[in-house]
Amino acid sequence: MKNNSLYFRPALFAGLIMAIINFAPGLDLVNCFCCAGLFIGGVLAVFFFRMDTPPDHTIMNIDGFYLGLWTGIFAAGFETVLNITIGPFIADIKFQMLKNILKRILNGTPMPSGLMDQLSQAIAAAKRPGLLDTLLSFFLVVVVYSIFTIFGALLTTAFIQKRKSKQA
C-alpha cells in the first residue's frame, strides 16, 4: 500500500490554488470551459509532486489517482471555508457579474420572467447558508472536484510517462 502522506503537500498547494480559482469572481468563469479550473488542479498536483520527488522517481497512474483525489478533497475544504467566511461579502459582486454576462449574452432579448428574482433569492440564500446546506454542498463539491482533478492528474501522469518512454 502506498504512503498517502507523499501526496498531501502537493495536493494541499494545488487544492488551495484550485479553490481560489473557483472562488474568485471572474476567475471562476474558467470552469465554463469544460471545468478547466478543476482539471488544472490535477495538473498542478502532479507537477508539485514531481518537484518533491527525486528525478529518477517513476510516476505511476496510482500516483495520479491519489494526487487527484486528495487535491479534490482539499480544494473542497478550502472552498467551503472561503464560502463561509468571505462568500457572503462577495455574493453581490458575483451576482452583478452574472447579471451583466446574461445581459450581454442575451443582447437585448428579454430575460425569462422571474429569472432575476430567482437569482436574487439564490444570492440572498448564499449569504446565510445553514449547516445542512454547507455540509451537502461540501460533499457534492468533494465528489465533483475529485472526479475532475483525478482526470487532470491521470492525463498529466500519462503524458509524463509517455514523454519519459520516448526519451529512453
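The values are calculated or read from the model by the stated rules, or taken from the named source; none is laboratory data. Quantities reported herein were computed from a predicted structural model and do not represent experimental measurements. So basically every Cβ, Gly included, is an ideal-geometry build from the backbone, and we count neighbours across all protein chains shown.
Annotations
- Taking segment 124-168 as the range and being more than 29 Å from residue 59 (Cα to Cα), part of a helix (DSSP H, G or I) and not hydrophobic (A, V, I, L, M, F, W, C) as the test, the residues that pass are 127, 133, 134, 137.
- If only residues of segment 1-40 that are small (Gly, Ala, Ser) and at pLDDT below 95 are counted, the one that is nearest to residue 79 (Cα to Cα) is 19.
- Set 39, 74, 49, 95: member being crowded, with 16+ Cβ neighbours inside 10 Å and more than 28 Å from residue 4 (Cβ to Cβ): 95
- Residues (closer than 23 Å to residue 91 by Cβ and without any contact (Cβ under 8 Å) to a residue 40 or more places away in the chain) located in segment 30-59: 30, 31, 32, 37
- Taken together, the residues in segment 30-51 that are farther than 14 Å from residue 15 by Cβ and part of a helix (DSSP H, G or I) amount to 6.
- Subset of segment 1-20 [surrounded by 21 or more Cβ atoms within 10 Å (Cβ to Cβ) and of a type in the set (A, V, I, L, M)]: 11, 14, 18, 19
- Matching residues, segment 47-68, being farther than 14 Å from residue 16 by Cα, among the hydrophobic types (A, V, I, L, M, F, W, C) and under 17 Å from the mean Cα position of the chain (by Cα): 47, 65
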